[in-house]
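Below you'll find the structure, written out as structure tokens, and then a few comments.
Computed from the coordinates by the stated procedures, all read-outs in this text should not be read as laboratory data. Quick caveat, the model's predicted, so the values are computed rather than measured. A quick note on method: Cβ atoms are made from the backbone with ideal geometry, for glycine too, and the neighbour counts reach across all protein chains shown.
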């Protein structure tokens with residue numbers, strides 16, 4: 001039973017053979033949806049396209065594409081790219097604004113595009129450039145790619161009346177670029193090649209060279225580089241930067257200075273002050289030091305001289321270590337964003353630092369590292385900071401965050417309560433707890449569809465939640481924010497949202513906005529008429545409630 005639909009992500013990868021580089025398409029993620037038809041696939045397509053172009057999400061997509069081949073060998077054909085799978089799955093299974101939640105299953109990246117149990121076509125995205133994804137729906141291999149409008153017309157012209165909101169959905173997809181038939185023929189040649197060639201005849205299909213991925217300058221130096229490059233090197237050799245500093249105030253010369261500094265390896269200490277003129281220090285801007293070949297000590301030195309920095313990218317810097325990360329968080333304790341993708345920092349080192357010095361992460365909202373791109377966590381559950389076990393018809397799980405801030409907690413609980421309202425049926429989809437927890441803190445007025453998703457909430461067994469972290473528990477009538485501040489043997493502390501927030505801010509975490517606390521207070525009062533759950537009843541029943549899988553259990557969820 002169902003109206004089954006599959007969705008795929010494909011990307012173009014370089015392949016070298018006998019000194020020549022060519023490009024070929026490969027599937028990098030695939031999911032199955034049991035009930036997805038009519039307007040559902042186009043709506044999911046819109047959600048995915050919006051998510052993929054968010055800068056943080058695009059950065060993580062590019063990271064997994066760079067490591068796709070090696071991860072495929074390690075993780076196997078079902079999950080070589082867990083973040084890509086997650087982004088695709090939540091686009092097809094959740095919409096906070098529409099109050100929609102469902103579930104998906106993962107498929108193999110080696111399957112045929114129509115190799116699954118299918119009733120209602122497929123959706124495909126080309127994520128080679130995640131900031132400019134293309135998409136298509138396919139109803140049959142012979143017909144090839146169709147747009148969202150063509151896909152929906154096949155339903156509403158033949159089977160059902162148009163919904164009132166169809167024009168708005170069609171308009172939202174009009175500017176989305178469509179995947180070509182040739183691309184499908186390259187990605188799955190045994191399925192699409194013969195149909196493509198029937199239409200296009202001599203236009204060859206196969207592994208091809210892609211000029212869009214090559215350097216269009218052909219390696220020819222720019223004239224300004226020819227002038228500034230030797231001048232800058234001479235200034236550094238002489239120990240005097242006064243002659244080069246005026247170039248930093250000339251908009252047409254500044255890019256040339258930047259390119260020269262990017263080529264310096266090792267990067268001289270004398271040139272560090274030039275970065276002040278190169279980098280933009282506007283509020284909320286990410287300071288990207290990854291473009292320069294700095295040592296760990298140089299990074300620490302630079303950040304220590306700029307206390308206004310709260311967002312920093314060190315991605316791809318080969319000399320960054322866990323010790324330098326620790327130093328940076330100490331000298332810049334208000335750091336809210338740190339990108340350390342493609343650095344030598346190991347997952348075990350990050351996990352150990354979180355467990356032993358959690359205060360370093362009190363202000364961190366986004367920490368980009370591969371350890372947070374999987375739902376598996378190597379450390380014990382009592383090291384997790386904020387958790388939400390839940391029951392649903394499919395599983396018992398515990399989405400959890402290893403680091404967070406009070407504002408993110410308030411946002412996640414608000415999102416989840418607004419989604420659920422008083423409709424108990426929606427609790428059957430505990431995945432919404434994971435979706436809400438995975439959202440980066442949004443700015444006022446920022447839409448749900450434009451959110452960054454920087455982390456996989458860790459999934460664990462709720463009966464192991466006996467550490468010092470906070471969690472949120474709810475029954476039909478009660479709620480509570482809880483923790484065991486003294487460790488596993490300590491008694492449980494139960495409080496309301498204000499008690500939780502006051503405790504967290506007293507420890508040195510940044511406070512949430514008062515208007516957000518008031519909003520959450522109102523939502524909690526509307527849903528939980530009986531108020532805070534009695535501590536004795538809660539402690540007595542927590543283990544019992546999760547000792548067996550019972551979808552009808554009284555407990556709805558815990559955060």
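Of 470, 249, how do they rank once you tally other Cβ atoms within 10 Å and put the fewest first? If you can, show how the numbers build up before the last one.
Numbers: 470 23, 249 9.
Ascending number of Cβ neighbours within 10 Å: 249, 470.
What does the C-alpha gyration tensor say about the overall shape of segment 221-277? Classify as rounded when a/c is under 1.5, otherwise prolate if a/b is larger than b/c, or oblate.
rounded
When a footprinting reagent is the concern and you count Cβ atoms within 10 Å, what order do 18, 254 take, fewest first?
Details: 18 4, 254 14.
With the sparsest Cβ surroundings first, the list reads 18, 254.
Let me know the shape class of segment 1-56, please: from the alpha-carbon gyration tensor, a ≥ b ≥ c as square roots of the eigenvalues, rounded when a/c is under 1.5, otherwise prolate if a/b is greater than b/c, or oblate.
Judged from the Cα gyration tensor, segment 1-56 comes out oblate (a/c at least 1.5, b/c at or above a/b).
Using Cβ contacts closer than 10 Å as the measure, can you line up 108, 113 from fewest to most?
Lowest to highest Cβ neighbour count: 108, 113.
If you take the square roots of the eigenvalues of the alpha-carbon gyration tensor of segment 58-172 and sort them as a ≥ b ≥ c, do you get rounded (a/c under 1.5), prolate (a/b over b/c) or oblate?
prolate
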